[in-house]
Structures are given as C-alpha cells and as structure tokens.
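The values are calculated or read from the model by the stated rules, or taken from the named source; none is laboratory data. Computed from a predicted structure; not experimentally measured. Here the Cβ positions follow ideal geometry from the backbone for every residue, glycine too, while neighbour counts run over all protein chains shown. Keep in mind that these areas ignore ligands, DNA and RNA; they rest on the heavy atoms of the full protein, side chains included. Shrake-Rupley method; radii C 1.70, N 1.55, O 1.52, S 1.80 Å.
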Amino acid sequence: MTHAMLKGSNVPVEAAAVRAVVCWSPSPEVSVVDASALLLGADGRVRSDDDFVFYNQPRHPSGTVWSLGKRRLGSAMRDTIQADLTRVDAEVERVLLVASAESLPFEGVRDLRLLLLDAAAGENAEPYASFEIRAETGAETALICGELYRRGGEWKFRALGEGYSNGLIGLATDFGITVDESAAPDPAPTPEPAAPAPTYGYPQPPTAPPTPYGYPPQPDPYGYPQHEPDSGLPLMGPQFIR
C-alpha cells in the first residue's frame, strides 16, 4: 500500500534499500530537474564535501548512496537516488533528498512529486510512499523534498518540501558544503614607474609631467569559474567540474 504523504508527516521504512524518485512533467520553462542527496551527521551538517551526492559526484565514496540518473517514463521524467540503508555509516543520521531546477523557479515545474520505493521490489513496483510537492512561494530554485532519518535504531521517511530561492548552492552551503569561488582573476598589476634618465654633470632641462595613465585595468566583476549552463553550481574542487 502506498502512503500518501502530507508535508511534515512521516512513516517507518522497512526496506533495506530504497529508491527516492523525483518525478515531474517537462515544460518549455523547465525541462530538467536534478535529484541529489546530502548525508548529515548528528550536528545536522555534512562531514565533508564527499557527503554530497549530485550530478557531478554521482556516488558516495562508501558506495551506500548513489544516483541512478534520469529517464523518461511516458510523458513524465524522473531522476533517482538509491540508498542502501543497512550499510550507511553509523555517523550519518539523516539523508536529505533534494530537487533543483537549473536555477529556475519551481513555479514552472509541473506535477512535482517524490516517490519512495523498495529497491528490491523493482522500478515498476507500487511506491512505498508518495509526496506531492508544492512550492510555498514558487520562487524556490531548490527544494528539500524529504529526508530519511534514524529513530530508535530504525529508519523513517519524513515529507518536507522546504525551499531555497538561492538554488542548490545556497542549500548545499547551509549544510556545510564548501564552494570554491577563489578562481576569480587577480587585479592587473600596477605598471612600474620608469627609471629616470641618467645625468652627466649638467642639470637636465625641466620636462612636462607625463600624461597620467589612469587606473590599472580592473578585473572582470563576473570572473567566477565558468560552468555548463544547466548546472547552476560553482566549482567545489576539481572533482565537482560538470
């Protein structure tokens, strides 16, 4: 039986491994939605950047959480994250399940929902839980759809639907991910003054002061690392280049 989830509700998860499937109907405004996951410790933050599973880092080093990628099913699209809950590190207390939409607001995303399936039952099995997600303002560009969390030694799932207007980068940094923005170009160097011409016994006649050159060229104010237009996420170290 499928549990129809309301925002804030929770259900126990009895499956050893689950698939969290973000589903949507493509539109001219938004054709791609990306699913990702963050593994959080007891302090509510990632232990390192490795705890962020997304399109540029599709598999956690532990091999317990990974992306299965996108596929079309009829007129709908889906992007899937799988988690082997029995093997997730004991230090991990929560796994956030996130959707982002190419830095575009979710008001343009139609039929957004999260399905939770028993991975052992196959893709066509009846979902264990289903959550119809409605953005609160429509201006959100990233959403925490739900979370898998430990309680009394067991796993549960909670429907959330919490949004961020500053996209996946804002959401990720809130939970401790380091975003490297240090690749902006350095300012152009100030030209060295020319050495005065030598004199040999007689004073040189005065000359007109040189025409001022003005200020040295300024750096490009948008000189952040360049990215593929659909990622919306600055560099997070060399392993995060899309």
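A few points about this structure:
- Here Ser62 clears all of (1) touching a residue at least 40 places away in the same chain (Cβ under 8 Å); (2) out of contact with any Gly (no Cβ under 7 Å at 6 or more places or on another chain); (3) surrounded by 14 or more Cβ atoms within 10 Å (Cβ to Cβ); (4) part of a loop (DSSP other than H, G, I, E, B) except the condition numbered (1).
- Listed by position, the strands (runs of 3 or more DSSP E) inside the stretch 98-176 whose residues that are small (Gly, Ala, Ser) number at least 2 are 129-132, 142-151, 154-164.
- Val13 being modelled with pLDDT of 95 or more and more than 19 Å from Ser67 (Cβ to Cβ): yes
- Only a single item in (1) over 20 Å from Trp24 (Cα atoms); (2) among the basic types (Lys, Arg); (3) in contact with an Asp or Glu (Cβ under 6 Å, 6 or more places away or on another chain) is not met by Arg151, and it is number (3).
- Selection of the stretch 13-28 for residues being touching a Lys or Arg at 6+ places or on another chain (Cβ under 9 Å) and surrounded by fewer than 13 Cβ atoms within 10 Å (Cβ to Cβ) yields only Ser27.
- The residues in the stretch 32-59 that are in contact (Cβ under 8 Å) with a residue 40 or more places away in the chain, within 17 Å of the chain's Cα centre (by Cα) and loosely packed, with under 15 Cβ neighbours inside 10 Å can be counted, and the count is 3.
- Inspection of the stretch 146-161 identifies no residue that is surrounded by 14 or more Cβ atoms within 10 Å (Cβ to Cβ), closer than 19 Å to Arg72 by Cα and touching a strand residue (DSSP E or B) at 6+ places or on another chain (Cβ under 7 Å).
- Residue within the stretch 179-192 that is modelled with pLDDT of 95 or more, surrounded by fewer than 22 Cβ atoms within 10 Å (Cβ to Cβ) and under 22 Å from Leu38 (Cα atoms) present: no
- Pairs with Cβ under 8 Å, 6+ apart, first in the stretch 157-169 and without any contact (Cβ under 8 Å) to a residue 60 or more places away in the chain and farther than 14 Å from Met5 by Cβ, second in a strand (DSSP E or B) and of a type in the set (Gly, Ala, Ser): Gly163/Ala142; Tyr164/Ala142; Asn166/Ala142
- Checking Val92 against (1) open to solvent by 30 Å² or more (accessible area, probe 1.4 Å); (2) assigned to a loop (DSSP other than H, G, I, E, B); (3) not small (Gly, Ala, Ser), the condition it does not meet: (1)
- In the stretch 95-112, the residues that are closer than 24 Å to Gly170 by Cβ and surrounded by fewer than 20 Cβ atoms within 10 Å (Cβ to Cβ): Glu102, Ser103, Leu104, Pro105, Glu107, Gly108, Arg110
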